[in-house]
Amino acid sequence: MTKTKIIFMGTPDFAATVLKGLIESQDYEILAVVTQPDRKVGRKQQLHMTPVKELALAENLSIFQPEKLSGSSEMTDIMALSADGIVTAAFGQFLPTKLLESVKFAVNTHASLLPKYRGGAPIHYAIMNGDEEAGVTIMEMVKKMDAGDMISQRAIPILPEDNVGTMFGKLAIVGRDLLLETLPKYLSGEVIPVAQDESQVTFSPNISSEEEKIDWTRTNLEIFNQIRGMNPFPVAHTTWQNERFKIYESKMTETDNLTAQPGEILEKTKKTLKIATGNGALELLTVQPAGKPKMDIVSFLNGLGQKLEIGEKLGE
């Protein structure tokens, strides 16, 4: 059987899971992998490869890392490979029309139930907005962000204990399996793509630094969803002693103190720290003070947190 020749484009772990599925399926020949350039990350500014690049190196695949595809020498080289099609998953760049027109097909594995949450942070927004489910859409690529016709779609529930990290892992598996089920049917004409309802379109742009800040006047449910909708990245934060104080995990609780101000410390024991919100309260579970590692609340309260006093406020 002749294998379908593919150029794969993707960047994070989500994309690496999809690529691994294509490699293991034996139905496709991966001619090359295109991923974002290596970036310096962390306080030490160490150069890091993308998860997709790491997998491609392990599989001895050709790798391209253009800063921008359009007009690049890399795009010329990619087109010269004469692939049948392109498969993308969380790539992070627009594909030029010239490139899209050079192949027989181009499909994207997008982690939302389109037309809801077009853009770079669909899983974050689904959790932050308190949605009951998230999902993956396999769609045709066009030179407009996540606007192509939909080929297939699958949803899974968002559980109360889920965060961005757990949902990324779950949806990567869903995306891999859905793509492998869908692609042969799409290529054979068995599945006909359906246009998105433009009246239902919403967007999920990358999280801004302002959105990472916790507004304690919001309800405990809203802040709870914000915290888990940014865990493990980019991480919601407040301020304590005029320095950034990251919060990774929390749980909702109630308060009998009707006079407490939002952000005020309501309860502090050796094991618990409860903060007032605009409606109800939150108990903090995992935090990271400025300049310190991530830690559970007991470790914090037995160390730096000893300085905290009931009635003190977090935030600006």
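Out of region 83-114, which residues are within 24 Å of GLU132 (Cα to Cα), of a type in the set (Ser, Thr, Tyr) and not in a loop (DSSP other than H, G, I, E, B)?
The answer is THR109, and nothing else.
Taking the condition crowded, with 16+ Cβ neighbours inside 10 Å, within 26 Å of LEU31 (Cβ to Cβ) and not aliphatic (A, V, I, L, M), does GLY148 pass?
So GLY148 fits the description; yes.
Picking from LEU19, LEU69, which residue would you name as being over 18 Å from the mean Cα position of the chain (by Cα) and among the aliphatic types (A, V, I, L, M)?
Residue meeting the stated conditions: LEU69.
Just a yes or no: is a residue in region 75-88 surrounded by 14 or more Cβ atoms within 10 Å (Cβ to Cβ) and free of Cβ contacts under 8 Å to residues at least 40 places away in the same chain?
Yes: region 75-88 contains one or more residues that are surrounded by 14 or more Cβ atoms within 10 Å (Cβ to Cβ) and free of Cβ contacts under 8 Å to residues at least 40 places away in the same chain.
Tell me, which strands (runs of 3 or more DSSP E) wholly within region 239-309 include 3 or more residues that are closer than 24 Å to GLU210 by Cβ?
By residue number, 243-253, 281-289.
Tell me which residues, restricted to region 136-153, are at pLDDT 95 or above and out of contact with any Leu (no Cβ under 7 Å at 6 or more places or on another chain).
The answer is GLU140, ALA147, GLY148, ASP149, ILE151.
From the list GLY169, GLY189, GLY165, pick out the single residue that is modelled with pLDDT of 95 or more and farther than 26 Å from ASP27 by Cα.
Exactly one of GLY169, GLY189, GLY165 is modelled with pLDDT of 95 or more and farther than 26 Å from ASP27 by Cα, namely GLY165.
Spot the failing condition for ASN242; the list is (1) in contact with a strand residue (DSSP E or B) (Cβ under 9 Å, 6 or more places away or on another chain); (2) within 12 Å of GLY315 (Cα to Cα), and only one is missed.
(1)
Take the conditions buried (at least 19 other Cβ atoms within 10 Å of the Cβ), hydrophobic (A, V, I, L, M, F, W, C) and farther than 24 Å from PHE203 by Cβ and apply them to VAL103. Does it pass?
yes
Every residue in region 191-231 that is part of a helix (DSSP H, G or I), surrounded by fewer than 15 Cβ atoms within 10 Å (Cβ to Cβ) and not charged (D, E, K, R), please.
SER199, GLN200, LEU221
Residues of region 132-145 being buried (at least 20 other Cβ atoms within 10 Å of the Cβ) and under 30 Å from ILE214 (Cα atoms), which ones?
ALA134, GLY135, VAL136
The values are calculated or read from the model by the stated rules, or taken from the named source; none is laboratory data. Values in this document were obtained by computation on a predicted structure and should not be read as measured data. Positions of Cβ are backbone-derived with ideal geometry, glycine not excepted, and every protein chain shown enters the neighbour counts.
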